[in-house]
Amino acid sequence: MIILENDQLTVGIKSTGAELQSIVNKRTEIEYLWHGDPAYWGKRAPILFPIVGTLRDNVYRYRGIPYSLSRHGFARDMEFTLIYQNKNSASLELRSSDITLHHYPFPFILRVHYSLEGNQLTNQYEVINTGNDQLLFSLGGHPAFNVPLERGLNYDDYYLEFSEPETLPRWNLEGNLIAKEKPFLIDEAIIPLSHKLFESDAIVLKQPKSDKISLRSHKSEHGLTMTIQGFPYLGIWAAPGAPFVCIEPWCGLADSVDHNQELEQKEGIMFLGAGEQWEKSWSLTCW
């Protein structure tokens, strides 16, 4: 376990998947991050790379050759190398290998940086194209947060609040693939949490205008705010009946139900030139 701390927060990270394991407020002893109970969902905050979501039939084609990738890609299950650490920051790295190239024919370096400042944790992603051709990829976060955060409260005592009123449809999932849209938010900033909300799987939103989304309760002064500026997609999800909610900033999406499986034509896929570097970050303020 890699431990970061300052006078307000203690954060745990494991090298497998460079995945967050714990975010604790040192004053209140509130644990913000889901503990990964496999009875509901065994992950805590996986990193989604080189795809977000599911491919149609778990297959994509690139330059006429078919490849297979499982849901959310391979980074979340691979061992990262710790390349830097001090008391309140750490950097981990994953490099392409014969194993990754078999499923994903692109040389790359993926670096994940964590840093603490006050009551804020920042998670930065860095992708470097180490090949001689373009690199095609998607990337996203998938952190799960405890709901309720405090004893004595219930799941439906909490709500999500955008920093601006949003008018956004919800894109339904069919077999983990993007299907039809249906009305969801109409000039609204608040999503009341309930287990019923996720009966038809994740809430998938495209192009939210808000740069922040918060987990709050009318019955508590404690919650969190995630800064999502620059992420074109947002997933919100919980397993059936589970005491957590995932707030997922994405650069990428699952395939649509009728996608032609061509990687270059996949919605949300990003193109990075030879030798180029891409960076994106989200941050979490815990209060």
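Which ones in segment 26-55 are more than 25 Å from ASP133 (Cα to Cα) and outside any loop (DSSP other than H, G, I, E, B)?
If the condition is that a residue be more than 25 Å from ASP133 (Cα to Cα) and outside any loop (DSSP other than H, G, I, E, B), then GLU31, LEU33 are the ones that fit.
Tell me whether segment 63-85 contains one or more residues that are more than 25 Å from THR130 (Cα to Cα) and either assigned to a strand (DSSP E or B) or at pLDDT 95 or above (or both). Spell out the reasoning first.
Of all residues in segment 63-85, those more than 25 Å from THR130 (Cα to Cα) come to none.
So far as segment 63-85 goes, no, none of its residues is more than 25 Å from THR130 (Cα to Cα) and either assigned to a strand (DSSP E or B) or at pLDDT 95 or above (or both).
Would you please name the residue that is nearest to LYS212 (Cα to Cα), looking only at residues in segment 135-161 that are within 17 Å of the chain's Cα centre (by Cα) and part of a strand (DSSP E or B)?
Residues of segment 135-161 that are within 17 Å of the chain's Cα centre (by Cα), as a first pass: 137-146, 160.
Next, only the ones that are part of a strand (DSSP E or B) stay: 137, 139-141, 144-146, 160.
Working: PHE137: 24, LEU139: 19, GLY140: 16, GLY141: 15, ALA144: 16, PHE145: 16, ASN146: 19, LEU160: 10 Å.
Per the criteria, the residue is LEU160.
Suppose the filter is in contact with a His (Cβ under 7 Å, 6 or more places away or on another chain) and either part of a strand (DSSP E or B) or loosely packed, with under 12 Cβ neighbours inside 10 Å (or both); does GLY241 pass it?
Working: in contact with a His (Cβ under 7 Å, 6 or more places away or on another chain): yes; either part of a strand (DSSP E or B) or loosely packed, with under 12 Cβ neighbours inside 10 Å (or both): yes.
For GLY241, the condition - in contact with a His (Cβ under 7 Å, 6 or more places away or on another chain) and either part of a strand (DSSP E or B) or loosely packed, with under 12 Cβ neighbours inside 10 Å (or both) - is met.
Tell me the residue from SER194, SER200, SER210 that is out of contact with any Leu (no Cβ under 6 Å at 6 or more places or on another chain) and at pLDDT below 95, please.
Details: SER194 fails: at pLDDT below 95; SER210 fails: at pLDDT below 95.
Step by step, each of SER194, SER200, SER210 is checked, and only SER200 is out of contact with any Leu (no Cβ under 6 Å at 6 or more places or on another chain) and at pLDDT below 95.
Condition first: out of contact with any Lys or Arg (no Cβ under 9 Å at 6 or more places or on another chain) and surrounded by fewer than 23 Cβ atoms within 10 Å (Cβ to Cβ). Now tell me which residues in segment 15-31 satisfy that.
Answer for segment 15-31, where residues must be out of contact with any Lys or Arg (no Cβ under 9 Å at 6 or more places or on another chain) and surrounded by fewer than 23 Cβ atoms within 10 Å (Cβ to Cβ): SER15, VAL24, ASN25, LYS26, ARG27, THR28, GLU29, ILE30, GLU31.
Among the residues of segment 194-220, write down those that are buried (at least 19 other Cβ atoms within 10 Å of the Cβ) and either within 19 Å of GLY175 (Cβ to Cβ) or among the aromatic types (Phe, Trp, Tyr) (or both).
PHE198, ALA202, ILE203, VAL204, listed by residue number.
In segment 224-238, which residues are part of a strand (DSSP E or B) and under 13 Å from TRP282 (Cβ atoms)?
Selection gives LEU224, THR225, MET226, THR227, TYR233, LEU234, GLY235.
Considering segment 31-72 alone, what residues qualify as being touching a strand residue (DSSP E or B) at 6+ places or on another chain (Cβ under 6 Å), without any contact (Cβ under 8 Å) to a residue 60 or more places away in the chain and within 22 Å of ALA239 (Cβ to Cβ)?
Result: ASN58, single match.
Return the residues of segment 202-261 that are acidic (Asp, Glu) and in contact with a helix residue (DSSP H, G or I) (Cβ under 6 Å, 6 or more places away or on another chain); say none if nothing qualifies. Give the steps one after another, and end with the answer.
First pass over segment 202-261, keeping only residues acidic (Asp, Glu): 211, 221, 248, 255, 258.
The one that is acidic (Asp, Glu) and in contact with a helix residue (DSSP H, G or I) (Cβ under 6 Å, 6 or more places away or on another chain): ASP255.
For segment 108-136, give me each residue that is surrounded by 20 or more Cβ atoms within 10 Å (Cβ to Cβ) and not polar (S, T, N, Q).
First, pick out the residues of segment 108-136 that are surrounded by 20 or more Cβ atoms within 10 Å (Cβ to Cβ): 108, 110-112, 114, 116, 121, 123, 125, 127, 129, 135-136.
Correct list: PHE108, LEU110, ARG111, VAL112, TYR114, LEU116, LEU121, TYR125, VAL127, LEU135, LEU136.
State whether the residues of segment 195-203 include one that is touching a strand residue (DSSP E or B) at 6+ places or on another chain (Cβ under 7 Å) and in a strand (DSSP E or B).
Scanning segment 195-203 turns up at least one residue that is touching a strand residue (DSSP E or B) at 6+ places or on another chain (Cβ under 7 Å) and in a strand (DSSP E or B).
The values are calculated or read from the model by the stated rules, or taken from the named source; none is laboratory data. Model, not experiment: these values are computed from the prediction. Neighbour counts are summed over all protein chains in view; Cβ atoms, including those assigned to glycine, are modelled from backbone coordinates with ideal geometry.
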